[in-house]
Amino acid sequence: MRSCAIILFLSLSILGCSGRPQPKKQAVLAKINNYEIGRQEFENEFRASSYGRTDTLLSRQEFLKALIDRKLILQDAQAKGLDKAGAFLKLIEKFWEQSLVKLALDKKSKELAGSGIVSDKAIKDAYDKLSAEGRADRPYDQMYQQIKWEIIKLKEAQAMNDWLLELHNKSDIKVNYELLKEGK
């Protein structure tokens with residue numbers, strides 16, 4: 001079922017279909033068979049590429065050639081049905097999952113960033129523990145920021161673990177451990 005949703009999403013993305021009104025027709029920079037590269041599409045991709053670091057006529061020409069080559073390869077792959085092959089769809093699904101997980105973790109990390117308030121007492125206690133263990137290599141005032149940062153990172157990691165535990169706890173997870181053993 002998820003594969004069907006991914007295929008539908010990709011098809012709509014590739015074909016450029018959406019429920020929104022289509023913008024005014026932009027100037028066509030290049031046409032490759034039935035695919036048109038508009039000026040804005042070119043500009044966006046050029047700026048996002050390594051070619052865009054040096055904006056010269058030569059770098060633009062080289063990027064356009066590379067873009068045309070890429071579009072030709074994609075068209076050939078689609079004509080051969082490679083975009084419908086199981087291996088391709090599995091790669092897309094894996095990429096989609098990894099991207100979504102990364103976005104979710106980035107969002108959660110931003111929510112948690114800096115949320116940990118660390119008291120001076122906690123920092124002093126950590127320093128005293130390091131000193132007692134012989135691991136404080138500098139005076140307290142020189143280690144203050146480092147210790148504070150480490151305590152904040154530990155609190156953020158604990159908050160992330162708590163969030164994952166909460167996700168587990170509110171979910172219905174069933175595992176067939178017998179099948180897991182069979183893989184040995």
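The values are calculated or read from the model by the stated rules, or taken from the named source; none is laboratory data. In this text, all values refer to a predicted model and were calculated from it rather than measured experimentally. Every residue, glycine among them, receives a Cβ derived from its backbone with ideal geometry; neighbour counts consider all protein chains shown. The area values use the complete protein model at the heavy-atom level, side chains included, leaving out ligands, DNA and RNA. Shrake-Rupley method; radii C 1.70, N 1.55, O 1.52, S 1.80 Å.
Across the range 34-78, what is the number of residues that are among the acidic types (Asp, Glu), in a helix (DSSP H, G or I) and open to solvent by 80 Å² or more (accessible area, probe 1.4 Å)?
1
Looking only at the range 120-148, filter to residues that are open to solvent by 80 Å² or more (accessible area, probe 1.4 Å) and of a type in the set (Asp, Glu); which one of those is nearest to LYS108 (Cα to Cα)? Walk me through it before giving the result.
If we filter the range 120-148 for residues that are open to solvent by 80 Å² or more (accessible area, probe 1.4 Å), which is where we start, we get 120-121, 124, 129, 132-133, 135, 137-138, 141-142, 145.
Add one more test, that the residue is of a type in the set (Asp, Glu), and what stays is 120, 133, 137, 141.
Values: ASP120: 26, GLU133: 34, ASP137: 34, ASP141: 32 Å.
Once the filter is applied, the top-ranked residue is ASP120.
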Of (1) open to solvent by 80 Å² or more (accessible area, probe 1.4 Å); (2) of a type outside the set (Lys, Arg); (3) farther than 27 Å from LYS110 by Cβ, GLU166 satisfies every one except (3)
Those residues of the range 127-148 which are assigned to a helix (DSSP H, G or I) and out of contact with any helix residue (DSSP H, G or I) (no Cβ under 8 Å at 6 or more places or on another chain) amount to ASP128, LYS129, SER131, ALA132, ASP141, GLN142, GLN145, GLN146
### Message
Here is a check on your reading of the model: is GLY134 on the phi > 0 side of the Ramachandran plot, modelled with pLDDT of 90 or more and not polar (S, T, N, Q)?
### Response
yes
Reported set for the range 79-108 where residues are open to solvent by less than 80 Å² (accessible area, probe 1.4 Å) and more than 15 Å from the chain's Cα centre (by Cα) is GLY81, ASP83, ALA85, GLY86, ALA87, PHE88, LEU89
Flagged pairs (Cβ under 7 angstrom, 6 or more apart or on separate chains; first in the range 149-160, open to solvent by less than 80 Å² (accessible area, probe 1.4 Å) and assigned to a helix (DSSP H, G or I); second modelled with pLDDT of 90 or more and among the basic types (Lys, Arg)) are MET160/LYS108
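Any residue in the range 164-183 that is in contact with a helix residue (DSSP H, G or I) (Cβ under 7 Å, 6 or more places away or on another chain), in a helix (DSSP H, G or I) and aliphatic (A, V, I, L, M)? Break it down into steps so the answer makes sense when it comes.
The initial filter retains those residues of the range 164-183 that are in contact with a helix residue (DSSP H, G or I) (Cβ under 7 Å, 6 or more places away or on another chain), namely none.
No: the range 164-183 contains no residue that is in contact with a helix residue (DSSP H, G or I) (Cβ under 7 Å, 6 or more places away or on another chain), in a helix (DSSP H, G or I) and aliphatic (A, V, I, L, M).
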